1. Considering only the range 86-97, I want to know if a residue exists there that is closer than 23 Å to Ala272 by Cβ and in contact with a Pro (Cβ under 8 Å, 6 or more places away or on another chain).
2. Among the numbered criteria (1) at pLDDT 95 or above; (2) aliphatic (A, V, I, L, M); (3) farther than 22 Å from Ala264 by Cβ; (4) open to solvent by 50 Å² or more (accessible area, probe 1.4 Å), which one does Ile11 miss?
3. Return the pair list, or none, for Cβ contacts closer than 7 Å from residues in the range 18-39 that are free of Cβ contacts under 8 Å to residues at least 60 places away in the same chain to residues that are assigned to a strand (DSSP E or B) and open to solvent by 40 Å² or more (accessible area, probe 1.4 Å), at least 6 apart or on different chains.
4. Kindly indicate the residue of the range 54-109 that is over 23 Å from His212 (Cβ atoms) and among the basic types (Lys, Arg) and also least open to solvent (accessible area, probe 1.4 Å) among those meeting that condition.
5. Can you name the strands (runs of 3 or more DSSP E) wholly within the range 68-151 that have at least 2 residues being of a type in the set (A, V, I, L, M) and in contact (Cβ under 8 Å) with a residue 24 or more places away in the chain?
6. Answer yes if at least one residue in the range 199-210 is open to solvent by 20 Å² or more (accessible area, probe 1.4 Å) and of a type in the set (Gly, Ala, Ser), and no otherwise.
7. Open to solvent by less than 30 Å² (accessible area, probe 1.4 Å), in contact with a helix residue (DSSP H, G or I) (Cβ under 8 Å, 6 or more places away or on another chain) and assigned to a helix (DSSP H, G or I): which single residue out of Leu232, Leu227 fits that description?
8. How many residues are over 20 Å from the mean Cα position of the chain (by Cα), of a type outside the set (S, T, N, Q) and within 24 Å of Leu166 (Cβ to Cβ) if we restrict to the range 136-155?
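The values are calculated or read from the model by the stated rules, or taken from the named source; none is laboratory data. Predicted, not measured: the structure shown is a model, and the values here were computed from it. Here Cβ is always computed from backbone atoms with ideal geometry, including for glycine, and neighbour counts include all displayed protein chains. Heads up: the accessible areas ignore ligands, DNA and RNA and are worked out on the full protein's heavy atoms, side chains in. Shrake-Rupley method; radii C 1.70, N 1.55, O 1.52, S 1.80 Å.
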Amino acid sequence: MNKQLQREITIAGPNYFGFASTLRIRPQSQSKEWLMQTPCGGVVPITPLIADSARRRMCLSSHNSKIEVFEHIGCLQFMGLKGVELEVKDGFPKGFPPYHGRAHELWEAIKPHCVDLPSTLPAYTPSQRASWYYPETRNGEYAYTRIEPNETGKLILKISVNYKGLGQRKRTFDLPNSQLLEEIFKARTQGYPLWLKKFSRTGSFLGIWKNHDRIHWPEGENDSSALDGFILHRAQDLLGTLSLLCKDGLLSATVTSNNSGHEADVMAVQEAYRTLRQIGGYKMAA
């Protein structure tokens, strides 16, 4: 289904650094693509051409306009949400939207104001394999993101993670699937490396760090449960970057993420974008 936003949504709250920020999401009647508003009032298409990776996040930048941590916003496209315009107001540093450590709160704010349209979304796939490898191994394994053509109309994510002190986990995600996407959206950012927790707790106690409770700290749960949450959030981050390939529809591809991260995701997506082609229509699964 093609989900259409019916009115402007304003989401306010502290950003990653604790400063007040506002994310505005407006319906766009002139385009089914996702757009970013510029300071002069114009809009630019959200594509891999304006994306880059930063420390533990992905960001968009164009015409003196920025949207940081876009992966927690862009992943909502896979619910079929099309034709919206984004703007981040206020806050410091520039471009950081309200931060929840995940996409769930954003989706909960948008979902009641969407309607399902009976139209079928176009599907896109790259014409050839695109991949990017980190120059050094992680825990003795190659680390990479790989995007391969897939004309089935499905997005298959094959994700492997390996965390020192926790172990390894693999999981395959078959999308679109709205129930599975809701599960993915609820996964919080990984609290890793584990030694960061004491600094996070101290910063929270002193009032200089607002996000301690928005991070998934695996203390008090077994390693298997922690890995389940971490791999779900890796799927969320990966979807956020893959959304740059959706255009006015959705991506059909087989994507492998092996001990990977934002840098490899962005680089692989930018390569795949050069050979992206339309293959047919997409129907949302329940």
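1. Here is the first cut: in the range 86-97, the ones closer than 23 Å to Ala272 by Cβ are 86.
Of the ones still in play, those that are also in contact with a Pro (Cβ under 8 Å, 6 or more places away or on another chain) are none.
Checked against the condition, which is being closer than 23 Å to Ala272 by Cβ and in contact with a Pro (Cβ under 8 Å, 6 or more places away or on another chain), the range 86-97 yields no hits at all.
2. (4)
3. Cβ pairs passing all conditions: Pro27/Gln4; Leu35/Val43; Leu35/Pro45; Met36/Val43; Gln37/Val43.
4. This residue is Lys82.
5. Working: elements: 84-90, 114-117, 121-126, 130-133, 144-149.
Of the strands (runs of 3 or more DSSP E) lying wholly inside the range 68-151, those with at least 2 residues that are of a type in the set (A, V, I, L, M) and in contact (Cβ under 8 Å) with a residue 24 or more places away in the chain span 84-90, 114-117, 121-126.
6. Within the range 199-210, the first condition is being open to solvent by 20 Å² or more (accessible area, probe 1.4 Å), and the residues that meet it are 199, 201-202, 204-210.
If we keep only those that are of a type in the set (Gly, Ala, Ser) too, we end up with 204, 207.
Yes.
7. Within the list Leu232, Leu227, the selection yields Leu232.
8. Residues in the range 136-155 being over 20 Å from the mean Cα position of the chain (by Cα), of a type outside the set (S, T, N, Q) and within 24 Å of Leu166 (Cβ to Cβ): 5 in total.
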